[in-house]
Every structure is written in C-alpha cells, then in structure tokens.
Amino acid sequence: MEDEINGAVPCSSLAVDSILRVGTAGAIWGLCMGPYDARKQGLSGVARASFVAKAVGEFGFQYGNRTYGLVAGIYMITRCGIQRYRRQNDWVNGLVAGALAGAVFAARTRSWTQVIGMAGLVSVFSAAADYSRTS
C-alpha cells in the first residue's frame, strides 16, 4: 500500500473508495435491520418496503445526521495528504487524520467537549491501527 500512496493512486481516488466502502457497508446493514425493524413496528406491504428502503438510505449514507461515508473520505484524504506532504508512512498520519475526522463527526453536537473527546478517541484508534500496520 505504501507504493500506491506514494504516487500511483491519487488521494481523491482513495477518498472516493473509502466513501463507497463505508456507504455500502451501511446500506447492507440497513438492508438487514430494515426488515427487522419494520416487522417490530407491524408494517407490511408498501409501507414495509418503503420503511426498508428508507433504512438502507439512512444507514448507508446518513445515520443520525452523521454521514459516515463522508467522515471516512475526510479521514482518508487527510491521511493521504499528510503522508505525501511528510513523505513518511507512520502513525502520525493516522493520528492527525483521525483527529480531524473525529472532530467532523462530532461537530453537529455543537459541544466542544464532545468534539474534543471524539477527535481524541478517533485519533488514538487511528494512530494505533497505523502503528500496528507499519511496525
């Protein structure tokens, strides 16, 4: 992967790939949970199909006003950009990208405590994942 990021694959392509992967995973989750939730609510027929379709869209692209695909794209393009700027593939790239992605994820809460907490949490997990991958 290091050779890909160092020149062959543009950061924008990696970001789009991340958005599509996370969005697809969410859509699959919505496709699994939608029928279950519709059955719990006693829906059937067109109402049930409409509920499932809405669940696929919500989980795939937006859940609770948080766009997971967008956050994944922000993380990936930030990580890739920092890596190219620094010309190093280490845990620092994930630390900074995780902080930014976590802050974006929590920004709608409008609570500085939650924004800082989420930025720190995502940052630490991202750095740990990068550290384990590069070590």
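The values are calculated or read from the model by the stated rules, or taken from the named source; none is laboratory data. A quick note: this is a predicted structure, and the numbers were derived from the prediction, not measured. Reconstructed Cβ throughout: ideal geometry from the backbone, glycine too, with neighbour counts over all protein chains shown. Accessible surface is based on the protein model in full, side chains and every heavy atom, while ligands, DNA and RNA are left aside. Shrake-Rupley method; radii C 1.70, N 1.55, O 1.52, S 1.80 Å.
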I'd like the full set of residues that are modelled with pLDDT under 85, open to solvent by 50 Å² or more (accessible area, probe 1.4 Å) and part of a helix (DSSP H, G or I), limited to the stretch 1-18. Glu2, Asp3, Glu4, Asn6, Gly7, Ala8
Select from the stretch 83-109 the residues that are touching a residue at least 12 places away in the same chain (Cβ under 8 Å), assigned to a helix (DSSP H, G or I) and open to solvent by 30 Å² or more (accessible area, probe 1.4 Å) and list them in ascending order. Arg84, Trp91, Val92, Leu95, Val96, Ala99, Leu100, Val104, Phe105, Arg108
Taking the stretch 59-77 and the residues there that are more than 17 Å from Thr109 (Cβ to Cβ) and open to solvent by 50 Å² or more (accessible area, probe 1.4 Å), the one that is modelled with the lowest pLDDT would be Phe61
Among (1) among the hydrophobic types (A, V, I, L, M, F, W, C); (2) at pLDDT 90 or above; (3) more than 16 Å from Ile19 (Cα to Cα); (4) surrounded by 20 or more Cβ atoms within 10 Å (Cβ to Cβ), Cys80 falls short only on (3)
Matching residues in the stretch 29-41 - criterion: being of a type in the set (A, V, I, L, M, F, W, C) and free of Cβ contacts under 8 Å to residues at least 12 places away in the same chain: Cys32
Of the residues Asp90, Asp130, only one is closer than 21 Å to Ser12 by Cβ and among the acidic types (Asp, Glu); which? Asp130
Inspect all residues belonging to the stretch 60-75 and state whether any of them is among the β-branched types (Val, Ile, Thr), within 26 Å of Val9 (Cα to Cα) and either outside any loop (DSSP other than H, G, I, E, B) or more than 18 Å from the chain's Cα centre (by Cα) (or both). yes
I need every pair where a residue in the stretch 112-135 that is closer than 19 Å to Val92 by Cβ has its Cβ under 6 Å from the Cβ of a residue that is open to solvent by 90 Å² or more (accessible area, probe 1.4 Å), sequence separation at least 6 or different chains. Ala127/Trp91; Asp130/Trp91; Tyr131/Trp91
Residue check for Arg48: open to solvent by less than 80 Å² (accessible area, probe 1.4 Å) and touching a Pro at 6+ places or on another chain (Cβ under 9 Å): yes
Would you be able to say whether some residue in the stretch 42-50 is outside any helix (DSSP H, G or I) and modelled with pLDDT under 90? no
